[in-house]
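Please treat every number below as a calculation from the coordinates, not as lab data. No experiment lies behind these values; they were computed from the predicted model shown. Because the Cβ atoms are built from the backbone with ideal geometry, glycine has one as well, and the counts that use them run over all protein chains shown.
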There are 4 protein chains.
Amino acid sequence: MSTTDPQALARLVGETMFAVDVASKDTMGMELLACEPGRAVMRMVVKPLHLNGHQICHGGFIFTLADSTFAFACNSYNKNAVAAGCSIEFLKPGKLGDVLTCEGVEQTLSGRHGIYDMKVTDQNGEVIAMFRGKSAQIPGTVVPE
Amino acid sequence: MSTTDPQALARLVGETMFAVDVASKDTMGMELLACEPGRAVMRMVVKPLHLNGHQICHGGFIFTLADSTFAFACNSYNKNAVAAGCSIEFLKPGKLGDVLTCEGVEQTLSGRHGIYDMKVTDQNGEVIAMFRGKSAQIPGTVVPE
Amino acid sequence: MSTTDPQALARLVGETMFAVDVASKDTMGMELLACEPGRAVMRMVVKPLHLNGHQICHGGFIFTLADSTFAFACNSYNKNAVAAGCSIEFLKPGKLGDVLTCEGVEQTLSGRHGIYDMKVTDQNGEVIAMFRGKSAQIPGTVVPE
Amino acid sequence: MSTTDPQALARLVGETMFAVDVASKDTMGMELLACEPGRAVMRMVVKPLHLNGHQICHGGFIFTLADSTFAFACNSYNKNAVAAGCSIEFLKPGKLGDVLTCEGVEQTLSGRHGIYDMKVTDQNGEVIAMFRGKSAQIPGTVVPE
């Protein structure tokens, strides 16, 4: 796999990060569906372990799904990047059995700073939450270059 | 237990909500240390299940700790309340073994709308994150009145 | 002018609101370039009155430009709507003489609640700020129906 | 005036910044009531120039009042600091003639990064808005050291 191809590099970065991401993969049960330059897609099925006292998906776990997607999208160039702030709007509750898909897309990247928008939808295409993250690149790479 | 005592009512509300909150109690391993009128305290030890690919606590789980604390604080009057928006600032990473304590305190409550500030600190008193939530009361109670 | 045409209705709503908006029109010097269903565009030239002590446009006025654009976009269906929360990310400073254009576009509208994204760019197309607003419709209309 | 006294230094920084802040002082009509280490207080009377089409103070100008107060509070150590993100919650409208006071107080300062909370109240002590800002110190000083 040539890491001079941006698509292949992003995919390798995603697989490398995801393999050791216990929180997202094992604890939450997320899947990484795509990791491309400036874009990532993840999926999480709402299971009993995600339910709060109202018997709906804990809002924190919807945030977590979006935050993970943000991390994959903003690291996809193989330049280490960290979150420098984020906000979320919850629009609909996630219910047991819902298949939540989060797509994260870069809106702007200027110098070291980027803005990424993550949209969480359910299996009917209804919007569950919208998350916006601001990233800052820091020294280092995810995989050796 | 008399539910005309605000302190006792808040404690009862907290215990009732927490008992069925699988996400906070079982999945995340949080403890509810206090639930008083307009205030709640929760604790979570950072375990391997909380770690992301950088081997630090997933930011989403720090958000989840604060979001749960927010829910207990804003429901503590036994009037159902929901989050109507929230924001978080991450100041320091949470590391394996860190004991994270989150205190949530009401800043203002006017009519149906309140603002609550949650502060997450580690065992050394250092601030890990600050979360602000806006709540809206809706019809209904947590425990029968 | 028939108010059964959504485009014409949105334009009428925009003109009606803007005519009495002293803050946006007279104090800040904004222009309303477009008001369509779920979308609005405004423009503001950075003048000496907008400069803070660093001799750049006060961030509060960039927020104000985006907040006004948000108001026009979310009222464009002639159903009164109010802001229920907003966040802004500043990416570049606005300088004296810059022509700032803000485009606001609806991202989702479900029941009474909508999410709108406003992007402020300068005359070179560079992104100055991104603002996200959550709206809630309330009873009443802007112009009689 | 000795600039080795933190109180005197903060006051000098505040006066120096305010003197050239056309946006806050002249356009908006704010007064700087206090500038102390990690704290500032500003005041603005709602005048006709601040009113939007609903005949209430434009939310952008309430944001601007809080953003200015934030700038004075986070620069008060005479180390240049810039906003790295902010959020606002609007609780009550500001009406013509209202005397809006904004107090900004540092919540945490660790290394280069700080969190400041600004609270805007009216002449009756009712909370109009709450603003939270995250600051980052950058090289340079406001007044020569």
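Worth pointing out:
- Residues of the stretch A:12-35 satisfying the condition of being under 15 Å from residue B:27 (Cβ atoms), buried (at least 21 other Cβ atoms within 10 Å of the Cβ) and of a type outside the set (Val, Ile, Thr): A:23, A:24, A:28, A:30
- Scanning the stretch A:37-64 for residues that are facing another protein chain (nearest Cβ under 7 Å) and more than 15 Å from residue B:52 (Cα to Cα) yields a total of 9.
- Hey, residue B:122 touching an Asp or Glu at 6+ places or on another chain (Cβ under 9 Å) and among the acidic types (Asp, Glu) or not: yes
- Close pairs (6 angstrom Cβ cut-off, 6 or more residues apart or separate chains): of a type in the set (Lys, Arg) in the stretch A:28-40, surrounded by fewer than 23 Cβ atoms within 10 Å (Cβ to Cβ) and assigned to a strand (DSSP E or B) anywhere: A:39/A:105
- The combined condition, being among the small types (Gly, Ala, Ser) and more than 24 Å from residue A:87 (Cβ to Cβ), is fulfilled by residue B:14.
- Among the candidates C:81, C:34, C:8, the residue that is hydrophobic (A, V, I, L, M, F, W, C), more than 11 Å from every other protein chain (Cβ to nearest Cβ) and within 28 Å of residue D:46 (Cβ to Cβ) is uniquely C:81.
- Matching residues in the stretch D:63-87 - criterion: being over 10 Å from the mean Cα position of the chain (by Cα) and among the β-branched types (Val, Ile, Thr): D:82
- The single condition among (1) away from chain A (no Cβ under 12 Å); (2) under 21 Å from residue B:11 (Cβ atoms) that residue B:107 does not meet is (2).
- Qualifying residue in the stretch A:12-27 (condition: more than 14 Å from chain B (Cβ to nearest Cβ) and under 13 Å from residue A:104 (Cβ atoms)): no
- Contacts under 7 angstrom Cβ, first residue in the stretch A:16-27 being β-branched (Val, Ile, Thr), partner buried (at least 18 other Cβ atoms within 10 Å of the Cβ), 6 or more apart: A:16/A:142; A:20/B:53; A:22/B:51
- Search result, residues across the stretch D:117-139 that are in a strand (DSSP E or B) and closer than 20 Å to residue D:80 by Cα: D:117, D:118, D:132, D:133, D:134, D:135, D:136, D:137
- In the set A:112, A:43, only one residue is touching a residue at least 24 places away in the same chain (Cβ under 8 Å), within 10 Å of the chain's Cα centre (by Cα) and surrounded by fewer than 23 Cβ atoms within 10 Å (Cβ to Cβ); that residue is A:43.
- Scanning the stretch B:88-103 for residues that are within 16 Å of the chain's Cα centre (by Cα) and either surrounded by fewer than 20 Cβ atoms within 10 Å (Cβ to Cβ) or more than 25 Å from residue C:88 (Cβ to Cβ) (or both) yields B:99, B:100, B:101, B:102, B:103.
- All positions within the stretch D:115-142 that are within 18 Å of residue B:106 (Cα to Cα) and surrounded by fewer than 17 Cβ atoms within 10 Å (Cβ to Cβ): D:125, D:126
- Which listed residue, of B:98, B:67, is among the acidic types (Asp, Glu), more than 14 Å from chain A (Cβ to nearest Cβ) and within 18 Å of residue B:24 (Cα to Cα): B:98
- Some residue of the stretch A:71-87 being farther than 27 Å from residue D:114 by Cα and surrounded by fewer than 21 Cβ atoms within 10 Å (Cβ to Cβ): yes
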